[in-house]
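Chemist: The following block contains the structure, expressed as structure tokens.
The values are calculated or read from the model by the stated rules, or taken from the named source; none is laboratory data. Values in this document were obtained by computation on a predicted structure and should not be read as measured data. Methodologically, a virtual Cβ is constructed for each residue, glycine included, from the backbone with ideal geometry; neighbour enumeration extends over all protein chains shown.
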Amino acid sequence: MRYALRWIVFVVLSALVVGASAQVWRDAYERGLRLAKQGNWADAKKAFEEAIADRGEDSQDPSTVGAAVTTRSLWRNGAPYSPNFAVAYCSFKLAAAAQSNEEREAHLKDAIAGFSKLISEGKASVEAMVLLASSYAAAGNMAEASKIQKSLAQMDLEKAYKVDREVLEPGDLGVISGTAGPGTQPSNVDPLILPGRFGLVPVLDFKFALLIGNSENGGPEFATNDVDLIREALIEHAGYAESNIVVLKNATVEEIRKQAEALVQRMPEAGTLFLFFSGQGVHDDRDKKDYLLGTDSDRTKIETLLPKADLYRIFMQKGSAIFAFFETDRPKSADGGYFGKEVPELGRIAQCHGTMPGDDVYGLIWDGKQYGVYARAIAVTLADFHSNQIEVGEFCWQVFDRIRSGVGPSTGGLQVPTLPVVVGMTPTSRF
């Protein structure tokens, strides 16, 4: 009898130990999920690391919990167990919120290591692939980002590894696959995954941007703010790598030339250029050409100006598709000339203006800063599309509607932007 009693006590204690052990990874993991939902990524990461210490491997198969066979139940309705994926994702989110470059780089390094390890172990989920590509792009490693994107485009999505999506922010949930549209994608670039309306827009490494904001020498006083605004929108919403965007503020003609020439050297053949200029532009009625003013230009001396066609020509040598947006006043001369009257004859160019001939561009106050109405509408419309392949014709229609309905207090109908004038492409060409 005494032996039987000891045996019963031993079995009960063993069951309690097993049950307690089972609780460790489960409690830590579920705590991590709760913290992630609160946006507390640092503590969520620690909780997921606790789960890994007790149960180290991710699993896409259902897990069961319970001390005995008779009391076992399906954990979280059969959801995958993905603590290693969750730790890498937390690092990715911490990088996005980092206050210093050093902190950001450290978190990106952890995210890249975590996602890469999972993929190398045969646990290549769509989510891990997209996040790894985005991590590489954020770190400025476009070569690796491109490789991951190409691998992602070739994946059999039905057979992809499954992860626990509950850890992801609602904005980062879901991706859609597709191919890039015609006309602007280099022929040597494989079709890539296009984003849905979720937090991450995959970076396309053939897309570059040159943003010029000249407030000095007669340009709009909001020009320098505008280039910062559009830069952030291109990175966050349009699939442009931070390292592929050149921002110039109050630049001379020579600085614009040199930076454009340096940028084109980094671009592939038949790449895409998003060109934004906020400043002074003029049209010369004698030679019927448009010119941009640098901070050192004298509008009465044509030799001090930058011919718009010369700027285009720098990128045309690589066969680039140029999507140009000009935020300039467009007064008409006595002979009927105005900036933008010159239409390119060669190349692949879509030329768009922030206002109609004869009119001026205006500004607004937003979040305590002054921006151009046109630039603000461009940024908001990029956010609306949230895609790395946007049809220029539809985009300009949406910008038009945005300005008409108002992008800030008392801005509705303040100015009328143009639709694109296209050469060598169609309004359905994408940037």
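Chemist: Show the residue pairs meeting these rules: Cβ distance below 8 Å; 6+ apart or different chains; first residue within segment 381-404 and within 14 Å of Arg430 (Cα to Cα); second residue assigned to a helix (DSSP H, G or I) and polar (S, T, N, Q).
Modeler: Phe385/Gln398; Phe395/Thr381
Chemist: Right, another one. Can you confirm whether Phe315 is at pLDDT 95 or above, surrounded by 15 or more Cβ atoms within 10 Å (Cβ to Cβ) and assigned to a strand (DSSP E or B)?
Modeler: no
Chemist: Exactly one condition in (1) in the same structural domain as Lys93 (by TED's automatic domain parsing); (2) at pLDDT below 75; (3) crowded, with 21+ Cβ neighbours inside 10 Å is false for Gly178; which is it?
Modeler: Against the list (1) in the same structural domain as Lys93 (by TED's automatic domain parsing); (2) at pLDDT below 75; (3) crowded, with 21+ Cβ neighbours inside 10 Å, Gly178 comes up short only on (3).
Residues are listed down the side, and each one gets a yes or a no for (1) at pLDDT 90 or above; (2) in a helix (DSSP H, G or I); (3) more than 22 Å from the chain's Cα centre (by Cα):
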position	(1), (2), (3)
Arg376	yes, yes, no
Gln389	no, no, no
Glu394	no, yes, no
Arg402	no, yes, no
Gly413	no, no, yes
Met425	no, no, yes
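Chemist: Specify the residue that is farthest from Ser387 (Cα to Cα); the eligible residues are those in segment 241-291 that are assigned to a loop (DSSP other than H, G, I, E, B), of a type in the set (A, V, I, L, M, F, W, C) and touching a Gly at 6+ places or on another chain (Cβ under 7 Å).
Modeler: Among those residues, the one meeting the criterion is Ala251.
Chemist: Out of all the residues in segment 37-48, is one or more surrounded by 13 or more Cβ atoms within 10 Å (Cβ to Cβ) and either part of a strand (DSSP E or B) or polar (S, T, N, Q) (or both)?
Modeler: There is at least one residue in segment 37-48 that is surrounded by 13 or more Cβ atoms within 10 Å (Cβ to Cβ) and either part of a strand (DSSP E or B) or polar (S, T, N, Q) (or both).
Chemist: Now for a different question. Kindly provide the set of residues from segment 35-57 that are farther than 18 Å from Leu118 by Cβ and over 27 Å from the mean Cα position of the chain (by Cα), ordered by number.
Modeler: Residues satisfying the conditions are Lys46, Ala47, Glu50, Asp54.
Chemist: In addition: Going residue by residue through segment 349-357, is there one that turns out to be part of a helix (DSSP H, G or I), hydrophobic (A, V, I, L, M, F, W, C) and crowded, with 20+ Cβ neighbours inside 10 Å?
Modeler: no
Chemist: Quick check on my filter: what residues within segment 321-348 are farther than 24 Å from Glu216 by Cα, crowded, with 20+ Cβ neighbours inside 10 Å and without any contact (Cβ under 8 Å) to a residue 60 or more places away in the chain?
Modeler: Ile322
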